[in-house]
Structure formats: C-alpha cells, structure tokens
Amino acid sequence: MTAPRAAGTALAARWPSLPYVAPFAAFMAVLAGAPALGVPEPWQGMLRLGVPALVLLALSRPQLAALRVTRPVASTALGVAVFALWVLPDQLVPGWREHWLVSNDLTGGTPDPAPMAALLGDPLQVTLRVARAALLVPVVEELFWRGWLPRWMARTDWQTVRPGSYTRSAFLVTAILFASEHGAYWEVGLACGLAYNAWMAHTRSLGDLVLAHAVTNGALAAFVLATGQVGYWG
C-alpha cells in the first residue's frame, strides 16, 4: 500500500464520514476558490477536476469499489427524465429563467454566458468540463447527498443506518439543500433532488444514483454542445 493510500485509509478509519464528505468539500472549495484567486483557464478547469478526483482516490476507494448498479435500464431512464425536467421550463416558457421566482436576490441571477460561450471554442476546456460534469460530479455529489447526509441526519452513529433510509425531514432537507446548490436553477434542482432521493429510497443502491446522475449531466453536456445554451453550465 502506498503512503498516500495508507494515510487516506487511516484517516477514513478515524473519521468514517471523511470519504463521503471530503471529496464534496474539496469540490465546492475549488469551485469557489479558483475564480476568487484569479486562476486562469484552463488551469481552473484542471483544478476543479483534479483536486476532488485526488481526494476521492486518497480517501474513498472502498466506497468507489462498493458501487453496484442494480437497475441499469431504469436508472438510465430516470437520468434522461431528470435531464428533460431540467431543460423543459426554459424551452416551453421563454424568459422563464429571468422570472423573479427563480432569479432573485436569494437565489442569484443567471450567470454571465460570455465566459461559458468562450469555453465552447476550446477543446481542452470542453473536455475538462464534460469530464467533470459526467464523471466526477455524480460520484462526489451522490456520496455526500445520498450516501451520507440523510443517514447522518437520522442518527449520529450514521453507519448503522441502511443506505436509502430517510426520515421525513432528511428527505425534504437534503432535497432543499441540493436545490440551493444550483442557484437560479433551484426549482428544477429541487425536483431533481426529490426524484433522486425517491430513487435512492427505492433502490438503496448508491451505484444506481451515480448512474442516473451521470446520465442527467451527460445529457445536459450534449445539449449544451448541440445548442450552445451555455446557461446550463453556469
């Protein structure tokens, strides 16, 4: 066992929440920190992909190895359905994203599309962004939102709580917090969080949630590349 892997195993043994929480924390920290520090592209994209991935490999190998997909067809279908749910409001109601209900002082406005539009002209940045959205984010977020948080909310000795078990408050709170992570897309984020929570409660399989989430994000990436509607990558 290499020294970094041994150190990660020791840390995870001491703090069992770490493999579920640390990758997400690293992802959020670099997501906010890289722009604040003025890191230029493509280095910013490399950090946003690389740092959480390294934390995953250092701390979460057993959790990654334990992922199993038990309902591949249904989980894929859910991912496609959530993708459709994500884009339909803007396609059916012109100007919906600028309505005060979704874009306001609390949720924030839609991001400036210019930086993302420039990204589409750079194959390296596109590759980094697609890899982050379709490969990294589903694992990092599902470990935290479905693998750890609802169980931790149910009991302090959360490891005794079976994956997919929710108290009523945990079901709602995790969906609301998941929605808050998505800013002006909070309403579709809330619907997405509720759908993913329900699927986790049904399947009790984190692997199925990772697959569904990856399909959703992969479909969104394809939609952005096909239409140029970069707001979904804001």
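For this structure, a couple of remarks:
- Checklist (1) surrounded by fewer than 16 Cβ atoms within 10 Å (Cβ to Cβ); (2) of a type outside the set (D, E, K, R); (3) over 15 Å from the mean Cα position of the chain (by Cα); (4) farther than 18 Å from Leu206 by Cβ applied to Ala58, failing item: (1)
- Residue match in the range 62-80 (condition: crowded, with 19+ Cβ neighbours inside 10 Å, at pLDDT 95 or above, in contact with a helix residue (DSSP H, G or I) (Cβ under 7 Å, 6 or more places away or on another chain) and not in a helix (DSSP H, G or I)): no
- Matching option when the condition is of a type outside the set (S, T, N, Q) and either buried (at least 21 other Cβ atoms within 10 Å of the Cβ) or within 22 Å of Trp100 (Cβ to Cβ) (or both), among Val230, Val215, Val173: Val215
- The selection criterion, being part of a helix (DSSP H, G or I) and either among the hydrophobic types (A, V, I, L, M, F, W, C) or buried (at least 18 other Cβ atoms within 10 Å of the Cβ) (or both), does not hold for Val102.
- Scanning the range 87-99 for residues that are assigned to a helix (DSSP H, G or I) and of a type in the set (A, V, I, L, M, F, W, C) gives Val87, Leu88, Leu92, Trp96.
This table checks each residue for (1) under 26 Å from Ala221 (Cα atoms); (2) crowded, with 18+ Cβ neighbours inside 10 Å.
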position	(1), (2)
Gly108	yes, no
Ala117	yes, no
Leu120	yes, no
Leu124	yes, no
Val137	yes, yes
Arg162	no, no
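Rundown of residues vs (1) at pLDDT below 90; (2) surrounded by 13 or more Cβ atoms within 10 Å (Cβ to Cβ); (3) aromatic (Phe, Trp, Tyr), yes/no style:
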| residue | (1), (2), (3) |
| --- | --- |
| Ala7 | yes, yes, no |
| Ala12 | yes, yes, no |
| Ser17 | no, yes, no |
| Pro23 | no, yes, no |
| Phe27 | no, yes, yes |
| Val30 | no, yes, no |
| Gly33 | no, yes, no |
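- Qualifying residue in the range 154-177 (condition: of a type outside the set (Gly, Ala, Ser), touching a residue at least 60 places away in the same chain (Cβ under 8 Å) and either touching a helix residue (DSSP H, G or I) at 6+ places or on another chain (Cβ under 9 Å) or under 29 Å from Gly50 (Cβ atoms) (or both)): yes
- Answer from Ala53, Ala22, Ala84, Ala29 - the residue that is under 23 Å from Ala191 (Cα atoms) and either aliphatic (A, V, I, L, M) or not in a helix (DSSP H, G or I) (or both): Ala84
- Residue in the range 128-138 that is basic (Lys, Arg) and either over 17 Å from the mean Cα position of the chain (by Cα) or on the phi > 0 side of the Ramachandran plot (or both) present: no
- Filter pass, His182 being open to solvent by 40 Å² or more (accessible area, probe 1.4 Å) and more than 17 Å from Ser165 (Cβ to Cβ): yes
- Test: residue in the range 189-196 that is free of Cβ contacts under 8 Å to residues at least 40 places away in the same chain, over 22 Å from Ser17 (Cα atoms) and surrounded by fewer than 17 Cβ atoms within 10 Å (Cβ to Cβ): no
- Odd one out for Trp43, checked against (1) farther than 19 Å from Tyr232 by Cα; (2) touching a residue at least 40 places away in the same chain (Cβ under 8 Å): (2)
The values are calculated or read from the model by the stated rules, or taken from the named source; none is laboratory data. If you're wondering where the values come from, they're calculated on a predicted model, not measured in any experiment. All Cβ positions, glycine included, derive from the backbone under ideal geometry; neighbour counts span all protein chains shown. All accessible areas refer to the heavy atoms of the entire protein, side chains included, with ligands and DNA or RNA removed. Shrake-Rupley method; radii C 1.70, N 1.55, O 1.52, S 1.80 Å.
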